[in-house]
Every structure is written in structure tokens, then in C-alpha cells.
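Comments concern the structure below.
The values are calculated or read from the model by the stated rules, or taken from the named source; none is laboratory data. Not measured: the values here are computed from a predicted model. Backbone-built Cβ (ideal geometry, glycine too); neighbour counts: all protein chains shown.
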Amino acid sequence: MADESGFFITLEGIEGAGKSTVLPFLAEQIEALGYTVERSREPGGGPLGEALRAIFLNSDLQLDAEEELLLLYAGRRNHLRGRILPALAAGRVLLCDRYEDSTIAYQGGGRGVALERIEELSRWAGITRQPDLTFWLDIDPQMAAERIRDRRPDRMERENIDFFRRAQAAFARRATEVPERFCRIDASQPLPQVQEQLRQALLARIPVRSLRDE
Ligand code: Z5A
């Protein structure tokens, strides 16, 4: 990260944890610290990633875990090269809704693909950059499911509660494997409390950028 002056921040958690809800708030808080924020998401992050996202979430398609992985890593490689690295090199904060920890949680924990196999693919695809900070919105899968009960489910949301429990357990393992960047937020709290946890965690980890730093 020698030639970079930006920060790469990700939001993770099972669906219904509240990532989309808190993302604009988080972006505002980071901007208040003096940074220019670029928002992104995975699957997605650019024309290729968005096209792959539509395939990935299409309920009419049947994909196995390996096919999911190949789609995700084609998009991730393109996202990293085309968007993430240039933003960081320009000194911006790249704030991303999901990244590789989601693969470890869903394809690893949820679908049962071995972590070594995911790591091998990640290396092969040239995923050389991990986030500097990851906010993990931790919530009980049942509570999260109730929050999105009225939504029309996409391909992934059709999975049963046990799948999300395995994904949740994998996120919890990540928190112990990479504690230096994983920041747990209690997402079961009412929104104002969740926002306050995020604000405090951000202040503790991201320095205020003065004009001199530009
Ligand atoms: N996926 C994968 O398998 N492998 C990968 O490598 C990657 C992704 C990168 C799409 O992700 C799917 O891709 C996802 C994982 C998989 N599949 N699943 N299932 P996505 O992030 O685009 O979709 P999502 O997880 O379903 O996110 P979401 O719909 O944006 O959900 P969310 O961000 O966690 O929740 P929300 O929409 O902000 O909130 C849900 C509701 O709860 C809403 O009505 C809010 O008003 C409410 N809410 C939010 N916060 C609160 C609090 N604090 N209290 C009460 N109510 C709240």
C-alpha cells in the first residue's frame, strides 16, 4: 500500500443486517473526516460486475458453488483493477457493500467450499488488496430474516435459514481470523444506536485528514 493514501472500507453481514441502510450515513461520517468517498458494491462495482450481479442473483438460473465463485472472481478482479485500486491511489475512501469476506461466508460457510480453494482462486484472480477496515453488522439470522420478510427473494435469498446460520458463523470466524481489520457492530440494536457504534468505531480507526495531508 506504499503508493496509496486512501482507505478501503467494507461493510459485511448477512442480508437484513442493515448494510444498505447505514451506507449513506457511513459515507457522510467519512466525508466529515475530510475524505472523498466513493461507494461501491459486490457483486457489482462497474459495468462488468453489475452485469454479472444480474446473472448471479437471477432466480431462474441454477448455479453450483464453483459457478458462483467463477462469476464472483471475474467481477472482483475487474472491480479491483478498474475501480478500487485507482480510487485508493487517488487518496479516496472506497466504501464497499460486501467484498471477499462475503465469499468466505456464503460460498465457504454457506455452500461448504474449503477456504483453501477460495484462497487459491483469489490468488489466481490476482486479488492482492484486502480492506483496511471491515464493519461486520452482526445480527441473529432469524431477526435479520424477519426484517426482510416482505421482500421478493432473489436467488440467494431463497436459501433456508440454516444456510444463513452457516454464513453468519463464517463471519464470526472471520472476526477472530482477521481481528486487526474486523470491527463488530451489534446490528440488532435500533438504527440510532447502530449509527453511533459506527461513528465511534470510525473515529477510533480513521484519522482526520487535514488540508495539509492532501
Ligand atoms: N454474495 C455471495 O454469495 N458471495 C459474495 O462473494 C458476495 C455476495 C460479494 C447480494 O448481496 C447477495 O450476494 C447476498 C450475498 C451474495 N445474498 N444474499 N442472500 P447484497 O448485499 O446486494 O444483498 P443483501 O445482503 O440481501 O443486502 P440488502 O438487501 O441490501 O440487505 P441489508 O443491507 O443487510 O439490509 P437493509 O436493506 O439495509 O435493511 C433491511 C431492512 O431492515 C430494511 O427494511 C431496513 O429499514 C431495516 N433495518 C435496517 N437496520 C435496522 C435496524 N437497526 N433496526 C430495525 N430495522 C432495521
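Pick out, from the range 102-214, the helices (runs of 4 or more DSSP H) lying fully within it that include 2 or more residues that are among the aromatic types (Phe, Trp, Tyr) and closer than 25 Å to Ser59 by Cβ.
Once the helices (runs of 4 or more DSSP H) in the range 102-214 are filtered for at least 2 residues that are among the aromatic types (Phe, Trp, Tyr) and closer than 25 Å to Ser59 by Cβ, what remains is 161-177.
Which of the residues belonging to the range 49-69 are hydrophobic (A, V, I, L, M, F, W, C) and away from the ligand (no atom under 13 Å from the Cβ)?
Those that are hydrophobic (A, V, I, L, M, F, W, C) and away from the ligand (no atom under 13 Å from the Cβ): Ala51, Leu61.
Taking the range 168-193, which residues are within 8 Å of the ligand (Cβ to nearest atom) and surrounded by 12 or more Cβ atoms within 10 Å (Cβ to Cβ)?
If the condition is that a residue be within 8 Å of the ligand (Cβ to nearest atom) and surrounded by 12 or more Cβ atoms within 10 Å (Cβ to Cβ), then Ala187, Ser188, Gln189, Leu191, Gln193 are the ones that fit.
Any residue at all in the range 73-82 that's under 29 Å from Ser188 (Cα atoms), modelled with pLDDT of 95 or more, assigned to a helix (DSSP H, G or I) and under 15 Å from the mean Cα position of the chain (by Cα)?
no
When you go through (1) surrounded by fewer than 15 Cβ atoms within 10 Å (Cβ to Cβ); (2) more than 28 Å from Leu33 (Cβ to Cβ); (3) touching a Gly at 6+ places or on another chain (Cβ under 8 Å) one by one for Arg158, which number turns out not to apply?
Only one criterion is unmet by Arg158, namely (3).
Any idea how many residues of the range 8-48 are over 21 Å from Ala89 (Cα atoms) and within 11 Å of the ligand (Cβ to nearest atom)?
Result for the range 8-48: 15.
Report, ordered by the first and then the second residue, all pairs with beta carbons closer than 9 Å, sequence separation of six or more or different chains, a first member in the range 137-155 that is near the ligand (Cβ under 9 Å from one of its atoms), and a second member that is of a type in the set (Lys, Arg).
The qualifying pairs are Leu137/Lys19; Leu137/Arg184; Ile139/Arg147.
Can you tell me how many residues in the range 44-55 are touching a residue at least 24 places away in the same chain (Cβ under 8 Å) and either buried (at least 22 other Cβ atoms within 10 Å of the Cβ) or over 16 Å from the mean Cα position of the chain (by Cα) (or both)?
3
Find all pairs meeting these conditions: Cβ atoms under 6 angstrom apart; at least six residues apart or on different chains; first residue within the range 88-101 and within 16 Å of the ligand (Cβ to nearest atom); second residue among the charged types (D, E, K, R).
Listed pairs, sorted by first residue: Leu94/Glu38; Leu95/Arg39; Asp97/Lys19; Asp97/Arg41; Arg98/Glu42; Tyr99/Glu42; Asp101/Glu12; Asp101/Arg174.
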